[in-house]
Amino acid sequence: MSTTPALADRATAVVNGVSPVLEVPFSDSGDIDVDGFRRVVRYVLGTGVTSVMFPGFASEFHKLTEGEREVLTGVLLDETSRRPDVSAIVAVQDHATRLAVARAAAAVKAGADLINLLPPHFLSPSRRAIVAHVSAVLDAIAPTPLVLQYAPTETGTSLDGATIAAIAREHPNLALIKVESSPPGALIAELAAGDPPLAAVEGYAGVQLPDAYRRGAVGSQPGCSFTEIYVEIWRRFAGGDEKGGDELHRRLLPYISYWMLDTELIVAAEKLISARRGLFVSAYCREPAHRLDREEVRMIDRFLAEFSDFLPSLA
């Protein structure tokens, strides 16, 4: 069974360009800031993107209770349901196949437009077990499109292009691959040339965004605290201004390449950026977390000063 063109077109129409992963603000005491999260959703949707994803590593998903996750997902779907021009990608990271299937099906029923699936990785499941897990979720949500997240640095999970293509041949709703290998370009190109051809979005904070774009990536999924910069980089590339896109990315690269040395570091940096911009009050990250040192805070202030023309106050 080959991938249905209409389904693939539907998915790439939704996830095209910048598709940020939403962060979760907390109070200084560590409680979720629901009003702050609603502001995050509205801010990101106001930057001109057509889709957002929640929850991901940038959302500290592994530090949320089931109840908190349900509340925040409800806020997201409430906001996106009001707007026909945007779509919600709801992420599933459960390691038990039964739980992943149930969560994915519930998200679709609640209004998710796509499901983002992070394959299981604790205790090193076999490739055969991973394929079975992914296939079960695809079957449960069909025909809703699924984005398969390939994040070997964070998870250690390894799936090659041939294995992913084999899954797609059996499951038409495997519509996109989020490629977070470093570098991502070779896999993006391999997926595009496969049978069936598969579209890819690039993650990993956009560190390799120019190469990913040139190799056929249809979008990028960075964090959300400075979405405007990513939107402008993508706009330049998509508009044929490769020199301009390269130049703006070159300015951004020293910051994101340092912050992406550690996932907890970029989470902490992005939350302080959002707090500095006035999006929410507290930059608190739930422990265990990276504590920004004095020089890292200075780096963030330099970043905000350098890109002030793209990053207006959100207070």
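The values are calculated or read from the model by the stated rules, or taken from the named source; none is laboratory data. Just so it is clear, the structure is predicted and the values come from calculations on it, not from any experiment. No Cβ is skipped: glycine too gets one built from the backbone with ideal geometry, and neighbour counts run over all protein chains shown. All accessible areas refer to the heavy atoms of the entire protein, side chains included, with ligands and DNA or RNA removed. Shrake-Rupley method; radii C 1.70, N 1.55, O 1.52, S 1.80 Å.
The table below gives the values:
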| quantity | calculated |
| --- | --- |
| Peptide ranges 41-48, 115-122, 76-83 listed from the most packed, as the mean C-beta count within 10 angstrom indicates | 115-122, 41-48, 76-83 |
| All-pairs alpha carbon distance profile, the chain, 10 Å steps from 0, percent | 6, 29, 37, 23, 5, 0 |
| For the range 302-310, 3J(HN,Hα) per residue [Karplus equation, 6.51 cos²θ - 1.76 cosθ + 1.60, θ = phi - 60°, Hz, x = Gly/Pro] | 5, 4, 5, 5, 5, 10, 4, 6, 9 |
| Gyration tensor (alpha-carbon) shape descriptor, the range 69-167, a/c threshold 1.5 | prolate |
| Over the range 13-143, relative contact order from alpha-carbon pairs under 8 Å, at least 6 apart, % | 21 |
| Accessible area of the range 152-269 divided out per residue, in Å², using a probe of 1.4 angstrom | 35 |
| Angle in degrees between helix 242-259 and the longest Cα principal axis of the chain, rounded to the nearest 10 | 80 |
| Neighbourhood net charge (13 Å Cβ-Cβ; Lys/Arg +1, Asp/Glu -1) for Ala268 | -3 |
| Table column - 3J(HN,Hα) (Hz), the range 164-177, Karplus curve with 6.51, -1.76, 1.60, x for Gly and Pro | 5, 5, 5, 4, 5, 5, 8, 9, x, 8, 7, 9, 9, 10 |
| Under 28 Å from Lys63, Cα to Cα: lysines that are on another chain or at least 8 residues apart | Lys109, Lys178, Lys271 |
| The chain - share of DSSP beta bridges that are antiparallel (%, nearest 5) | 5 |
| Crossing angle, helix 5-14 versus the chain [Cα axis fit, 0-90 degrees, rounded to tens] | 10 |
| Residue among Thr65, Ala91, Val267 farthest towards the positive dipole end of the chain, charges placed on Cβ | Ala91 |
| Antiparallel DSSP beta bridges within the range 1-142, percent to nearest 5 | 10 |
| C-alpha long axis of helix 97-110 to longest principal axis of the chain, angle in ° | 70 |
| Packing-based order for 32-39, 206-213, using average beta carbon neighbours within 10 Å, highest first | 206-213, 32-39 |
